[in-house]
1. Go through the stretch 22-38 and give me each residue that's among the β-branched types (Val, Ile, Thr) and either at positive phi or loosely packed, with under 10 Cβ neighbours inside 10 Å (or both).
2. Out of the residues in the stretch 1-21 that are assigned to a loop (DSSP other than H, G, I, E, B) and open to solvent by 90 Å² or more (accessible area, probe 1.4 Å), state the one that is nearest to residue 72 (Cα to Cα).
3. Which count do you get for residues in the stretch 50-75 that are assigned to a loop (DSSP other than H, G, I, E, B), open to solvent by 60 Å² or more (accessible area, probe 1.4 Å) and in contact (Cβ under 8 Å) with a residue 24 or more places away in the chain?
4. For the stretch 1-32, give me the residue count where each residue is closer than 20 Å to residue 64 by Cβ and more than 10 Å from the chain's Cα centre (by Cα).
5. Tell me the residue from 35, 31 that is in a loop (DSSP other than H, G, I, E, B) and at pLDDT 95 or above, please.
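The values are calculated or read from the model by the stated rules, or taken from the named source; none is laboratory data. As the structure is a computational prediction, the values presented were derived from the model and not from experiment. Reconstructed Cβ throughout: ideal geometry from the backbone, glycine too, with neighbour counts over all protein chains shown. Protein only, heavy atoms only, side chains kept; ligands, DNA and RNA dropped before computing areas. Shrake-Rupley method; radii C 1.70, N 1.55, O 1.52, S 1.80 Å.
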Amino acid sequence: MRMKELVNKEVLDGNIRIIGKVQEIIFDEDTFEITDLVVKKIGISEQIRDSENVIPVELVKAIGDKVLLKSDDDI
């Protein structure tokens, strides 16, 4: 998967609730490995709180049509 294909994918939490969309990808400049995803919140939560979360790639369970984060059981 190319990085540009990852941007704007919806991100689902471990309970399959949409928490936002991938806005940016942070990578290690030495290894070029993705380290974090910057997720922009969508909906009403965007207006109430800080509208971005930085999510470590270790918390990602799967990437397909959407990005699925690990649940508490997976951690």
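1. Hit for the stretch 22-38 is 31, nothing else.
2. First, pick out the residues of the stretch 1-21 that are assigned to a loop (DSSP other than H, G, I, E, B): 1-2, 7-9, 13-17.
Those still in the list that are open to solvent by 90 Å² or more (accessible area, probe 1.4 Å) too: 1-2, 8, 15-17.
Numbers: 1: 26, 2: 28, 8: 25, 15: 9, 16: 12, 17: 14 Å.
Across the stretch 1-21, the extreme among qualifying residues is 15.
3. 6
4. Count: 10.
5. On the way: 35 fails: in a loop (DSSP other than H, G, I, E, B).
Every option except 31 fails the conditions.
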